[in-house]
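Enquirer: Just dropping this structure here.
The values are calculated or read from the model by the stated rules, or taken from the named source; none is laboratory data. Computed from a predicted model, the values in this text were never measured in an experiment. Here the Cβ positions follow ideal geometry from the backbone for every residue, glycine too, while neighbour counts run over all protein chains shown. Only protein heavy atoms, including side chains, enter the accessible area calculation; ligands, DNA and RNA are left aside. Shrake-Rupley method; radii C 1.70, N 1.55, O 1.52, S 1.80 Å.
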Amino acid sequence: MSGYDPRTGTGIPTEPVGSLPRPSRLQQAYADYDEGRIDKAALEAEQDAAIKDSIERGKATGAPIISDGEQRWSSFATYPITDTLAGTGLAPTLGPGGQFFAIFADGHGRQLPKLERGPFSYVNYAADSLRRSLPYAGSTPMKQAVIAPSMLALLYPLTDPVADYGRDEFEAALIDECEKDIRAAFDAGAARVSVDFTEGRLATRADPRNPWTGAGLLPHFIELNNRVMARFTADERRDIGIHTCPGGDRDSVHSADVPYTNLLPSMFEIDAGYFLIQMASERDKDPVLQAIGENLRDDANGVAQTAYIGVTNPQNPRVESPEEIRDALVRAANFIPKEQLGATDDCGFSPFSIDEKPNHGSPDHARDVAFQKIHNRVEGTRLAAETLGVAVP
C-alpha cells in the first residue's frame, strides 16, 4: 500500500469525497461533444484544463490529500460504462431506459442504462483518469473514488431476467470488475480509495415512483460490497473507505428524509477501514452520531474502522468557518472515540458532470465556494485536533 498516514498535517484525518463542480466551459464541451460539434480530443483538452485547475487549487487549500474532482467522468456512478451522461461511449452490452438511480427532492431524476446482454465489463476504470492526473499533483497524495458494486447492480433489470445471462453471473463479473477498479487505482498511485455507496440510504426509502427502492435490497447491497472487501487483506482495507450521503445533484438530495438509523447498523457491517459520512446537513445530529459511535467497529475483520464526519455541505453556498467545523468535530467526539474520528465533506461537490448548481448561481461560483469550504475543513480539523489533544504527525 501507499504508506500514507491520514493524520499527517492535521492530527485528526481529513479527506474529500471526490467530485468538484465542472466549470461552465467544460459542461458546454460535454454538450458540444454529444452533439458532434467537437471531437473527443477537444473534450479531453477541456477536461485536462479543469483537472489541472482543480489540482492546483486543491493543493492551495493546504489539504493533506486531494482528488482531481472527477472532471473526466460522466458521473460518480456511470464513469465505468459511458463517456457522457447522454450515453456517448456507452458500453456495448448496455442500452438506454434502465432504472432510475434516484428521484431527487426537487423532482428531477437520474436514470441508469440497462443491461441488455452479457458479458458485463467496464469500458473505463478510475485509474485511467488518475494516471493522467497524478503528474499535476507532484508530491501531494491523491485519493480516488470508485463506484460501489451495489450501485451498478441496478443495471440488471429488477424483474425481467437478461436472456442467457443470469443475475448471479452478472454480479460475479461485477465483483471482479470492482476489485480490478480498486486495485488499478492503488497500482496507479492512489494513496486512498473510497467506494461511493450513496444508494445505501435510498435503499430503505420505498419510493413508489422508483420500484427498486422498495425491493428490500439493502442486505444484498451490503453483501455485494463485502464480497469485494473479501478480496483484500486487512492492511489493504485500512486504505479503502465507504462513502454514504443522501445524494447531491443540482443542489438537491434524494434521501435526506430517510432515517439514518435505517442504514448505519448495516453499513458498518462492511469490512472497510473507514467511512465518509454526511453529517453537516443532517437536521438531528446527535442521534446519528450516537448510532455511528455504537456501530463503528474496533475490529472489522482485522481493521479498526474510522468515521469521517461531514463538516461542510456542498449543496449550500454558505461557507462554514474553521471554528464551526472545529465545534462540529468536538461535538462528534462526545459519541465517537477521537482515535476513530475524521473529517470530510458531506458529499462530492458535483457527482454528475452536468450540474448547474442553482443555489450557487453558477458552477463557476460553486467551484470557488468548494475550495473555500475545503480550506476551512482543513483548518477546522487542525483546530479540533488541538482542542481534543490529538497529536499532529
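Enquirer: Look through region 339-351, keep the residues that are polar (S, T, N, Q) and open to solvent by less than 10 Å² (accessible area, probe 1.4 Å), and return whichever of them is farthest from D299 (Cα to Cα).
Expert: Restricting attention to region 339-351, the residues satisfying the condition of being polar (S, T, N, Q) are 340, 344, 350.
With the extra rule that they be open to solvent by less than 10 Å² (accessible area, probe 1.4 Å), the set shrinks to 344, 350.
Details: T344: 22, S350: 33 Å.
Step by step, filter region 339-351, then rank; the result is S350.
Enquirer: Scan G138, G189, G200, G214 and give me the residue that is small (G, A, S) and free of Cβ contacts under 8 Å to residues at least 12 places away in the same chain. Spell out how you get there, then give the answer.
Expert: Details: G138 fails: free of Cβ contacts under 8 Å to residues at least 12 places away in the same chain; G189 fails: free of Cβ contacts under 8 Å to residues at least 12 places away in the same chain; G200 fails: free of Cβ contacts under 8 Å to residues at least 12 places away in the same chain.
Result of the check over G138, G189, G200, G214: G214.
Enquirer: So, in region 199-208, of the ones that are of a type outside the set (A, V, I, L, M) and assigned to a loop (DSSP other than H, G, I, E, B), which residue ends up nearest to E269 (Cα to Cα)? Don't jump to the end; show me each part of the working.
Expert: Looking only at region 199-208, we keep the residues that are of a type outside the set (A, V, I, L, M), and these are 199-201, 204-205, 207-208.
Now drop any that are not assigned to a loop (DSSP other than H, G, I, E, B), which leaves 204-205, 207-208.
Working: T204: 16, R205: 20, D207: 25, P208: 28 Å.
The selected residue is T204.
Enquirer: Consider R57 carefully, then state whether it is assigned to a helix (DSSP H, G or I), within 17 Å of S133 (Cβ to Cβ) and open to solvent by 30 Å² or more (accessible area, probe 1.4 Å). Explain how you work it out, then say what you get.
Expert: On the way: assigned to a helix (DSSP H, G or I): yes; within 17 Å of S133 (Cβ to Cβ): yes; open to solvent by 30 Å² or more (accessible area, probe 1.4 Å): yes.
Judged against the criteria, R57 is a match.
Enquirer: Right, something else. Among the listed residues R318, R297, which satisfies the condition of being out of contact with any Gly (no Cβ under 9 Å at 6 or more places or on another chain) and closer than 21 Å to A256 by Cα?
Expert: Details: R297 fails: closer than 21 Å to A256 by Cα.
None of the other options fit; the residue is R318.
Enquirer: Still on this structure: S150 passes all but one of (1) of a type in the set (S, T, N, Q); (2) assigned to a helix (DSSP H, G or I); (3) over 25 Å from Y274 (Cβ atoms); which number fails?
Expert: Result: S150 fails condition (3) only.
Enquirer: Here is a further query. Within region 126-170, track down each residue that is within 28 Å of A215 (Cβ to Cβ), over 22 Å from the mean Cα position of the chain (by Cα) and of a type in the set (S, T, N, Q).
Expert: The answer is T159, and nothing else.
Enquirer: Would you point out which residue out of I336, I354 is touching a residue at least 40 places away in the same chain (Cβ under 8 Å), in a loop (DSSP other than H, G, I, E, B), open to solvent by less than 10 Å² (accessible area, probe 1.4 Å) and among the β-branched types (V, I, T)?
Expert: Numbers: I354 fails: open to solvent by less than 10 Å² (accessible area, probe 1.4 Å).
I336 is the lone residue from the list that is touching a residue at least 40 places away in the same chain (Cβ under 8 Å), in a loop (DSSP other than H, G, I, E, B), open to solvent by less than 10 Å² (accessible area, probe 1.4 Å) and among the β-branched types (V, I, T).
Enquirer: I'd like to check which helices (runs of 4 or more DSSP H) are fully inside region 209-328 and have at least 1 residues that are touching a helix residue (DSSP H, G or I) at 6+ places or on another chain (Cβ under 6 Å), open to solvent by less than 30 Å² (accessible area, probe 1.4 Å) and more than 29 Å from G11 (Cβ to Cβ).
Expert: Details: elements: 218-229, 234-237, 264-267, 285-295.
In region 209-328, the matching helices (runs of 4 or more DSSP H) lie at 218-229.
Enquirer: Something else about it: With respect to A391, is the statement that it is more than 22 Å from the chain's Cα centre (by Cα) and modelled with pLDDT of 95 or more true? Working first, answer last.
Expert: Values: more than 22 Å from the chain's Cα centre (by Cα): yes; modelled with pLDDT of 95 or more: no.
Taking the combined requirement at face value, the residue does not satisfy it.
Enquirer: Of the numbered conditions (1) over 21 Å from A188 (Cα atoms); (2) open to solvent by 10 Å² or more (accessible area, probe 1.4 Å), T140 fails exactly one; give the number of that condition.
Expert: Among (1) over 21 Å from A188 (Cα atoms); (2) open to solvent by 10 Å² or more (accessible area, probe 1.4 Å), the lone unmet condition for T140 is (1).
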